[in-house]
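Asker: Could you have a look at this structure, given as structure tokens, before my questions?
The values are calculated or read from the model by the stated rules, or taken from the named source; none is laboratory data. Keep in mind that what you see is a predicted model, and the values were worked out from it rather than measured. A quick note on method: Cβ atoms are made from the backbone with ideal geometry, for glycine too, and the neighbour counts reach across all protein chains shown.
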Amino acid sequence: MKSKEFNTSVSRIFGIPEKTITVYTRLLKEAGLLTSGRGGRAAPDMTPLDAARMTIALLTCSGPSQAVERVKQFGPIPFLPNLSDFEHITQAQFDERYEGETLEEVLAFIFDRANDIGPDCKDWFIHNAFSLEMSDFSLSAELQIKLGEQRDIKFKTAVFMGDIKFPLPPPSSVIHTSRAISLDTLYQLSLDLAGGEE
């Protein structure tokens, strides 16, 4: 999938005007955060890492001007394996499902599922990428997974969190922004990247 098709796909899937997505893409390319190269037939294909970084930008920004900073902040945040309560997955459960250690690496792995598994990969998404929520205030992301079947369904969370290195105003004076996407968004973008639009 070339850059123009990528922009069209992301626009359709996220419900954001293509003109706006094009600005995100241009800024991220200029910063060396998305695949870039010659135009036309020689243009390089966009990658799962590009989809991961675009997703991070769209879920953590109120507009394109913040995209580069937010992708640099959120992309490298690691999975936190030491949350030992019933709501969070263990390191072993994480390693069974994903490759990578950082948010952008795991999202790139997720966006490559349709390419690796084929168009019948929706069941993988239902159980391993049910939803993704990101909070710009706490520099965190939560990937929800589904365990079990029918009456024995449990939802658990893989938490990614970074060290907040910028000055924070008092909590009472800040609007906390959290955005989420569902498995359908993750699945459809993975499918489009693999060339199998549904």
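Asker: Just to be sure I understand the filter: pairs with C-beta atoms under 7 Å, separated by 6 or more residues or on different chains, first member in region 32-53 and more than 12 Å from Asp112 (Cβ to Cβ) and of a type in the set (Asp, Glu), second member surrounded by 14 or more Cβ atoms within 10 Å (Cβ to Cβ) and modelled with pLDDT of 85 or more. Which pairs pass?
Answerer: Asp45/Met1; Asp45/Lys2
Asker: Considering only residues of region 100-130 that are under 20 Å from Met1 (Cα atoms) and among the aliphatic types (A, V, I, L, M), which is modelled with the lowest pLDDT?
Answerer: Ranking the qualifying residues of region 100-130, first place goes to Ile117.
Asker: Determine, yes or no, whether Lys29 is within 18 Å of the chain's Cα centre (by Cα) and within 26 Å of Ala114 (Cα to Cα).
Answerer: Taking the combined requirement at face value, the residue satisfies it.
Asker: Can you find a residue that is in contact with a Lys or Arg (Cβ under 7 Å, 6 or more places away or on another chain) and touching a residue at least 24 places away in the same chain (Cβ under 8 Å) anywhere in region 90-103?
Answerer: Within region 90-103, none of the residues are in contact with a Lys or Arg (Cβ under 7 Å, 6 or more places away or on another chain) and touching a residue at least 24 places away in the same chain (Cβ under 8 Å).
Asker: Restricting to region 94-105, what's the tally of residues that are within 20 Å of Thr60 (Cβ to Cβ) and touching a strand residue (DSSP E or B) at 6+ places or on another chain (Cβ under 7 Å)?
Answerer: Of the residues in region 94-105, 3 are within 20 Å of Thr60 (Cβ to Cβ) and touching a strand residue (DSSP E or B) at 6+ places or on another chain (Cβ under 7 Å).
Asker: Does region 65-83 contain any residue that is in a loop (DSSP other than H, G, I, E, B), over 10 Å from the mean Cα position of the chain (by Cα) and aromatic (Phe, Trp, Tyr)?
Answerer: Checked against the condition, which is being in a loop (DSSP other than H, G, I, E, B), over 10 Å from the mean Cα position of the chain (by Cα) and aromatic (Phe, Trp, Tyr), region 65-83 yields no hits at all.
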